[in-house]
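Shown next, in structure tokens, is the structure this report addresses.
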Ligand SMILES: [Zn+2]
């Protein structure tokens, strides 16, 4: 009999970790970090000890107490069986830290599968100096639709649409039927057909684990599409006489590419922080300009209408020397600070107020709206629905014929057998 348990993403957005067990064999879907800036024991300058980071996380309950997952050399005597048991495999849905961020602590004998694009993105990030905490994980690219056999399981990966390249859903075949997992998913991005096809491919699954991020925010209107984001960006370029400031989310590489070509057509250059320039070059994008080394403050001051400056918080004092004011604009396109929950958000707003720069949010989220979540569930028509990755999972109402089980964190195993 197959069993499923949830070790993250329960009652919170992010940090998904789903364990499927059958006999001695285990499939782990996603292994992400809790993302809670400004919360918890490690905040306001109190940071994990680099050598003892996994130990600190284990002691403070920030990672699941699952045996035979973690590297032995990172345990420092913490009483939990470490090293691979040879019967556990990990599958990652996408390259967001709340889904992939703990892979650096996974024992290297545990295989970690993901999409080829996710592996490529993690490699490009590593070239830009951005690696997961712990050790650089070895990721195994997995072709779409081709089954990976693991003990009694067959696992298939399917591309879905999210605000990062290479996002995937999974279908795990167990002796009690298929367990499908959406990862993070949306229908308002550039490839809604992928998300729809995934939901339809896993139609009739024994269980569907679906993300429910937007259930928490009282969404009423349909979310802005990525095409509308491009249009707003073009409009801002058209209407702003001075320097444009921007915070674009760098892992949304399709949007980065799109913004680069819109800027080119408008006769503006985007200037990136060094780390982002390294990432985009490693990804293969052309004509990437870095702040300071390629374009300095003097160049921007001489010709502000020719530039768009991607703003890092550490750049804020540079604005004191730049020609910014009511003729500029700050475009927020889902970059950092990510939202009002981030302590940096208020700092940014204070600076923009001080400098009289208008703030214009032009982005869109990576998560399906409540209506779109319902459509996905209706396409999939699973027997059991597990809403995860949400503060209010109970707001997802299943269609007739589908049971909804609200997952509890850890320990509790849900049996997938017992079908009548
Ligand atoms: Zn995500």
| task | Counting only C-alpha contacts under 8 Å and six or more residues apart, can you give the relative contact order of the chain as a whole percent? | result | 19
| Relative contact order (%) - region 137-283, alpha-carbon pairs under 8 angstrom, separation at least six | 16
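Show that you can apply the helix-only estimate: for the chain, add -39,500 (n - 2.57) for every DSSP H stretch of four or more residues, divide by all residues, and state [θ] at 222 nm to the nearest 500. Write down the numbers at each step before the final one.
On the way: 10 runs with 100 residues, N = 420.
So the calculated ellipticity at 222 nm is -7000 deg cm²/dmol.
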| Using alpha carbon coordinates only, what is the Rg to Rh ratio of region 1-109, with Rh defined as the Kirkwood radius? | 0.96
| field | Relative frequency of Cα-Cα separations exceeding 13 Å in region 283-341, percent | value | 69
| said: Taking 0.36 nm per residue of sequence separation and subtracting the Cα-Cα distance, how much length would be gained by fully extending the chain between residue 35 and residue 138, in nm to one decimal? | reply: 34.8 nm
| message | Could you work out the pair-distance distribution P(r) of the chain from its alpha-carbon pairs, with 10 angstrom bin width and percents rounded to whole numbers? | response | 4, 21, 30, 25, 14, 5, 1, 0
| request: Give the distance, in whole Å, between the Cα centre of region 244-300 and the Cα centre of region 394-420. | output: 45
| query | Hey, fewest Cβ within 10 Å first, where do 175, 3 land in order? | reply | 175, 3
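Mean 1/r over all different Cα pairs, inverted: what Kirkwood radius does region 338-384 give, in Å?
Kirkwood hydrodynamic radius for region 338-384: 14.0 Å.
If I take R0 = 30 Å and measure r between the Cβ atoms of residue 109 and residue 340 in this structure, what FRET efficiency does the formula 1/(1 + (r/R0)^6) give, to the nearest 0.05?
Given R0 = 30 Å and the Cβ-Cβ separation, E is 0.10.
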| Taking neighbour Cβ counts within 10 Å as the exposure measure, how do 265, 255 sort from fewest upward? | 265, 255
| remark: Taking only the alpha-carbon positions of region 226-361 as identical scatterers, the Debye log10 I(q)/I(0) at q = 0.10, 0.12, 0.14, 0.20 Å⁻¹ comes out as -0.28, -0.42, -0.58, -1.30
| field | Burial ordering of 201, 138, fewest other beta-carbon atoms within 10 Å first | value | 138, 201
| query | Could you give the semi-axes, largest first, of the ellipsoid that matches region 212-302, computed as the square roots of 5 times the alpha carbon gyration tensor eigenvalues and rounded to whole Å? | reply | 27, 17, 12
| query | Viscosity 0.692 mPa s, temperature 37 °C: Stokes-Einstein D of region 130-198 from its Kirkwood Cα radius, in µm² per second? | reply | 244
| task | Only bridges with both residues in the chain count here: give the DSSP antiparallel percent, nearest 5. | result | 45
| query | Extension gain residue 405-residue 222, at 0.36 nm per residue separation less the Cα-Cα distance, in nm? | reply | 63.2 nm
| Alpha-carbon centroid distance for the pair region 313-389 / region 50-100, whole angstrom | 31
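Bear in mind that the values in this text are calculations on the coordinates, not laboratory data. Model, not experiment: these values are computed from the prediction. All Cβ positions, even for glycine, are placed from backbone atoms using ideal geometry, and neighbour counts span all protein chains on display.
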